[in-house]
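Here is the structure we will look at, set down as structure tokens.
The values are calculated or read from the model by the stated rules, or taken from the named source; none is laboratory data. Because the structure is predicted, anything quoted here is derived from the model rather than measured. Positions of Cβ are generated from backbone atoms using ideal geometry, with glycine treated the same way; all protein chains shown enter the neighbour counts. Surface areas here come from the heavy atoms of the whole protein model, side chains and all, with no ligands, DNA or RNA. Shrake-Rupley method; radii C 1.70, N 1.55, O 1.52, S 1.80 Å.
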Amino acid sequence: MEFDVVIGLEVHVELKTKTKMYCGCKNEFGGVANSHCCEICLGMPGVLPNINKRAIEYAIKAGLAFNCKINTSTKLDRKNYFYPDLAKSYQISQKEQPLCVGGFVEILLDGGTKEKRIRLVQIHVEEDAGKIIHMPESDEIFVDFNRSGVPLIEIVSEPDLCSPSEVKAFLETIRNTALCLGISDCKMQEGSLRADVNISLKQKGSSKFGTRCEIKNVGSINGATRAAECEIKRQKEVISSGGEVEQVTFRWDETLNENMVMRKKDKSVDYGFFAEPDLPQVEILNEEIEEIKTSICELPNQKIRRLMADYKLPYADAYLLMEDDEKNAMFEAVAADFSGEPKKVANWILGDLTRILNKQNISFADSKLTAKNLEKMLEMIENNSISNTAGKTIIEVLMKQDVHPETIAKQQGLLQQSDQSVLEDVVREVLLENTHVPELFKKGKTNILGFAVGECMKRLKGSGNPTLIKEILLKQIQGSVEV
Amino acid sequence: MAFDVLRVGELARFEFTEEEVKKFDGHIKEMLRMISIIPEVLETEAMVANKVRLSDLREDVPQGSWDSFDVLANAPKKKSGFFVV
Amino acid sequence: MELSELTAKELSQMLRKRTCSASEILESVLQQIQEKESDIGAYITLTEDLAKKQAQKVDEKLAKGVELAELAGIPIAVKDVICTKGILTTAGSKILENFVPQYNATVFNKVLAANMVVVGKANLDEFAMGTTCESSALRFTKNPRDLTRVPGGSSGGSAAAVAGNEAILALGSDTGGSVRLPAAFCGVVGLRPTYGRVSRYGVIPLASSFDQVGPMGKTVGDVRMLFNAIAGEDPKDMTTIPNKKFEKSFDIKKLTLGIYKEQFNEHVDPEISASVMKMVESFKEHGATIKEISVPYSEYFLPLYQIILTIEAASNLARHDGIRYGHRTQEFKDVEELYCKTRSEGFGPEPKRRIILGTFLSSAEFGGAYRKKAFYWMQKIAEAYDNAFKECDLLISPMSCSHAFKVGELVDPIKIYALDLCAFGASLASIPALALPCGLDSSNLPIGTQIIGPKYSEKFLFDVGEFYEAHCKT
């Protein structure tokens, strides 16, 4: 039996507003338990919610980035259920008239060579619940309401995803986009991005969808990917052994690396949705939507595709540059003037520069490296004035001082000798003193050249251009006559 | 539309005595009969009391948080700064 | 005459003339409480110490010549759904019997800002659900006019406090008559404001779409003063609305009074109808035009009201789970048992009944778009009243079908709900209504009448009511 895998995702993204969705408490991770709370987010008797403007604006921004239609008239609804971390015993969410409708997320697959469009059902605003901590020694559960009321957007996809790798690409796109838009810090270890993964298997050729199982609240992209893999495998096994998939809700266990059953088809959940009577309908003007649109930067996948196309960079490099605005800005500034291949610029920035920043534990902004100086250094390597190795030394200095790389090269004696006649003389000397070299080379031991180059470099005190030296050695060994 | 006291009680987190079940069952059925006289309508757009403009919503400025002592002041059970269940 | 028997207006003038002090006024009220409270039982919590301090402060300020609000120094009872920081707030329920809020309701902040003197938290039907005040889990209130009878509900304690001179003013709350009915039964004045004119922030909710805090007092003039002190938009309550000027101004000769046809029906006690009609006649004698006006859909009022109320109340009361505040059951083996036992122990039968109905009506499992349907009809009813107000300036009706019942007389819940039949219309249409006394019946019990006006017509209602008190009342 052959199956189509059908996956839909519901992604919750915490918005990084300064205050909560419905009250003025600080929206901040960590801190002493129950220290960012007030009567509103604690669900005390008689309190009323008060909508945070910035949260709505951020949600509209997300909707625009994901090609949704923004509802100019949107309303909130109550989703009623009992849980210790849910202060009011209902969550203010949206069901009927959500803020953003439709839309799609374009994901990149297969090393950036393939694009797929994943349709969205909607994006709506809601509020987070508090946090529950289970005490290992006893049956007690501890509740902290700092997170209660933090604004969330829920991004609901159509069941267009077909594999765990698509799940990964989708979640990465959501995360990168949210970061790029500046609406969330997407710190998964702080719970800013969580996914519910819905999976069913459909028999190939059939139009009937299989029973859907859900893995709730997965807090990492890798977790979601692996959870999907496990569940697909499980469902396939159930069907292959002649059984029927029952509706089950799981939670992903990060340490055990498996899906744990939370509940079978739950009898007790009935959300009893109705329009929130304590809140008015929010009216949004088209001009306001347009203004938010103008604040949207180049989106991550757009940037990746552009870097790959315009600079012929591989997907991996483009992805890393996309993730770091400062490095990307330097890359594009240097590449604009550099005569050589942009890939070389990328290598230096993603390689040595990154390595040095990490080693010295400094930020990009803290280093003194300018695009101009880096570009000049790369040109010097390109035209053989200095070697690649010399460049590694020079770049460390450039990160501490704004000075012309040629000055540094001169000071440290790193300028490569490229004068043809000087090199020819040195090569002739070395070959005379090491007659075994041409003998061994002619016998086929070509790697003796490396030794010879080394000897030449010694005489030049390391300042010879190794490429040229090698060329001259070859000429002299093979006894070619200059014309 | 079959009303079931026990099932609804479950949803509302109540436990009932047999006496209560009988009593409520009767009362609720009477009220449902009363409610059934309201005619059906084709369009059921919910009426929203009022509207607010995006520009008039609350500014994102922190204020109003309590000291955790106050937060826990009414807690039936608390430990180390947490509500305990 | 005792100070406690005077009106807020009179006392306010006396305070300004320095012919009495705030402490003396309070003393007179406290004296009444000492003598009568064990019979009347209007209060759940008395705040004598606070009141004395407040009265003293008012006297000090007046002595220094500081300009104070017109209600400064006036003793007020506050219905125990209104959250008061540091003062027990129970909603008349066991589930909150130990709850001391760390915050004030906006209306209470206004009471404090006006330097009123807070006598205590008034009794009510549990979570404001009821029409007789017999559903309170904590206190038993009786009608000061006849201690064998109920004061009406749910703001029974507030009405009784005013009627018994245990306070000069009171704040109640009106969802579907909860200010107006007890006002009628106790012979005092009570207003249900236009929905949104008074903040609900910090007021323990029953039905979010209907609740309004209502001022209560001995005269229309007193209620007007209290309304002016508490009304206004509140940034903390997004359902409050700015005031709109009501274009009509009161002139008895230009007044068209509509006799609310559907509310003068066979269920209404003939003595009550006669008393209300007498009031109507007296307006006519002064030059007003009288018309009979029909407002359709009355037969849907009670069921529609029940649908919206129970759905919203069930949701509003779900937060009482024993985790963050309030009653908590002693022993339980898991969270589910904590919820079920806490809530079953803490809520009385009336909240349970309404929560069950509301849970049923809103659950997807049991189908039906009840609430949406109800809102559709609410819209239609608002339109029906709009049309009525094209034909008349105000509608007049009896406030209830009968006078105050004897304690324990009404047991059938449906009959208890039906007491509010005259009240539902204004709630459903979000319009204001004033309940005021228009005489006594042969049992010497108060008869209440109701004047209903269009949105934002509170001032107009007060003018009509004061005119009646000054010129027509016998």
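Summary table
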{"quantity": "Residue that is assigned to a helix (DSSP H, G or I) and either over 20 Å from the mean Cα position of the chain (by Cα) or hydroxyl-bearing (Ser, Thr, Tyr) (or both), where the choices are A:368, A:343", "calculated": "A:343"}
{"quantity": "Leading residue by the ranking (farthest from the other protein chains (Cβ to nearest Cβ)) among those in region A:112-134 that are surrounded by 15 or more Cβ atoms within 10 Å (Cβ to Cβ) and either of a type in the set (Lys, Arg) or free of Cβ contacts under 8 Å to residues at least 24 places away in the same chain (or both)", "calculated": "A:116"}
{"quantity": "Unmet requirement for residue C:114, which otherwise passes all of (1) of a type in the set (A, V, I, L, M); (2) within 17 Å of the chain's Cα centre (by Cα); (3) surrounded by fewer than 24 Cβ atoms within 10 Å (Cβ to Cβ)", "calculated": "(2)"}
{"quantity": "Selected residue [open to solvent by 30 Å² or more (accessible area, probe 1.4 Å) and assigned to a loop (DSSP other than H, G, I, E, B)] from A:137, A:172", "calculated": "A:137"}
{"quantity": "Region A:435-452: number of residues that are in contact with a helix residue (DSSP H, G or I) (Cβ under 8 Å, 6 or more places away or on another chain) and open to solvent by 20 Å² or more (accessible area, probe 1.4 Å)", "calculated": "7"}
{"quantity": "Only listed residue being of a type outside the set (Lys, Arg) and within 14 Å of chain A (Cβ to nearest Cβ), chosen from C:147, C:171, C:138, C:191", "calculated": "C:171"}
{"quantity": "Qualifying residue in region A:379-399 (condition: over 27 Å from residue A:460 (Cβ atoms) and open to solvent by 70 Å² or more (accessible area, probe 1.4 Å))", "calculated": "no"}
{"quantity": "Filter pass, residue A:430 being more than 30 Å from residue A:349 (Cα to Cα) and either touching a residue at least 60 places away in the same chain (Cβ under 8 Å) or surrounded by 20 or more Cβ atoms within 10 Å (Cβ to Cβ) (or both)", "calculated": "yes"}
{"quantity": "Close pairs (7 angstrom Cβ cut-off, 6 or more residues apart or separate chains): closer than 14 Å to residue A:108 by Cα in region A:307-319, modelled with pLDDT of 95 or more and in a loop (DSSP other than H, G, I, E, B) anywhere", "calculated": "A:307/A:313"}
{"quantity": "The listed residue being acidic (Asp, Glu) and open to solvent by less than 80 Å² (accessible area, probe 1.4 Å), out of A:244, A:229, A:214", "calculated": "A:214"}
{"quantity": "Elements of type strands (runs of 3 or more DSSP E) in region A:17-111, at least 1 residues being more than 11 Å from chain C (Cβ to nearest Cβ), in contact (Cβ under 8 Å) with a residue 40 or more places away in the chain and open to solvent by 10 Å² or more (accessible area, probe 1.4 Å)", "calculated": "A:104-109"}
{"quantity": "Qualifying residue in region C:74-82 (condition: of a type outside the set (A, V, I, L, M, F, W, C), open to solvent by 30 Å² or more (accessible area, probe 1.4 Å) and in contact (Cβ under 8 Å) with a residue 40 or more places away in the chain)", "calculated": "no"}
{"quantity": "For residue C:245: the one exception among (1) outside any helix (DSSP H, G or I); (2) assigned by TED's automatic domain parsing to the domain that holds residue C:442", "calculated": "(2)"}
{"quantity": "Residue match in region C:396-411 (condition: within 27 Å of residue C:141 (Cα to Cα), within 19 Å of the chain's Cα centre (by Cα) and open to solvent by 30 Å² or more (accessible area, probe 1.4 Å))", "calculated": "yes"}
{"quantity": "Residue check, residue C:77 more than 21 Å from the chain's Cα centre (by Cα), closer than 23 Å to residue C:11 by Cα and either of a type outside the set (Lys, Arg) or within 14 Å of chain A (Cβ to nearest Cβ) (or both)", "calculated": "no"}
{"quantity": "Hits in region C:117-152 - residues which are more than 30 Å from residue C:355 (Cβ to Cβ) and either assigned to a loop (DSSP other than H, G, I, E, B) or within 16 Å of the chain's Cα centre (by Cα) (or both)", "calculated": "C:144, C:145, C:147, C:148"}
{"quantity": "Matching entry among C:197, C:192, C:145 (being of a type in the set (Lys, Arg), open to solvent by less than 10 Å² (accessible area, probe 1.4 Å) and not assigned by TED's automatic domain parsing to the domain that holds residue C:439)", "calculated": "C:192"}
{"quantity": "Which listed residue, of A:101, A:125, A:105, is in contact with a helix residue (DSSP H, G or I) (Cβ under 7 Å, 6 or more places away or on another chain) and over 23 Å from residue A:82 (Cα atoms)", "calculated": "A:105"}
{"quantity": "Test: residue in region A:432-450 that is in the same structural domain as residue A:344 (by TED's automatic domain parsing) and within 20 Å of residue A:471 (Cβ to Cβ)", "calculated": "no"}
{"quantity": "Residues located in region C:319-342, provided they are at the interface with chain B (Cβ under 8 Å from one of its Cβ atoms) and out of contact with any Gly (no Cβ under 8 Å at 6 or more places or on another chain)", "calculated": "C:321, C:323, C:325, C:335, C:336, C:340, C:341"}
{"quantity": "All positions within region C:83-101 that are within 13 Å of chain A (Cβ to nearest Cβ) and either among the charged types (D, E, K, R) or free of Cβ contacts under 8 Å to residues at least 12 places away in the same chain (or both)", "calculated": "C:85, C:97"}
{"quantity": "Single residue of region A:259-284 satisfying the filter (surrounded by fewer than 19 Cβ atoms within 10 Å (Cβ to Cβ) and acidic (Asp, Glu)) that is modelled with the highest pLDDT", "calculated": "A:283"}
{"quantity": "From the options C:221, C:156, C:152, residue that is open to solvent by less than 10 Å² (accessible area, probe 1.4 Å) and on the phi > 0 side of the Ramachandran plot", "calculated": "C:152"}
{"quantity": "Filter result for the condition that a residue is modelled with pLDDT under 95 and more than 28 Å from the chain's Cα centre (by Cα), over C:291, C:284, C:333", "calculated": "C:333"}
{"quantity": "Strands (runs of 3 or more DSSP E) lying entirely in region C:161-219 (those with 1 or more residues that are of a type in the set (Asp, Glu) and either touching a Gly at 6+ places or on another chain (Cβ under 8 Å) or touching a residue at least 12 places away in the same chain (Cβ under 8 Å) (or both))", "calculated": "C:169-174"}
{"quantity": "Among (1) closer than 25 Å to residue C:228 by Cα; (2) touching an Asp or Glu at 6+ places or on another chain (Cβ under 9 Å) - the single one residue C:171 does not satisfy", "calculated": "(2)"}
{"quantity": "Residue list for region C:411-454, filter: within 12 Å of another protein chain (Cβ to nearest Cβ) and over 12 Å from residue C:400 (Cα atoms)", "calculated": "C:411, C:412, C:413, C:414, C:415, C:428, C:429, C:430"}
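A quick yes/no check of all residues on (1) over 21 Å from residue A:325 (Cα atoms); (2) at pLDDT 90 or above:
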| site | (1), (2) |
| --- | --- |
| A:366 | no, no |
| A:370 | no, yes |
| A:375 | no, yes |
| A:384 | yes, no |
| A:387 | yes, no |
| A:393 | yes, yes |
| A:414 | yes, no |
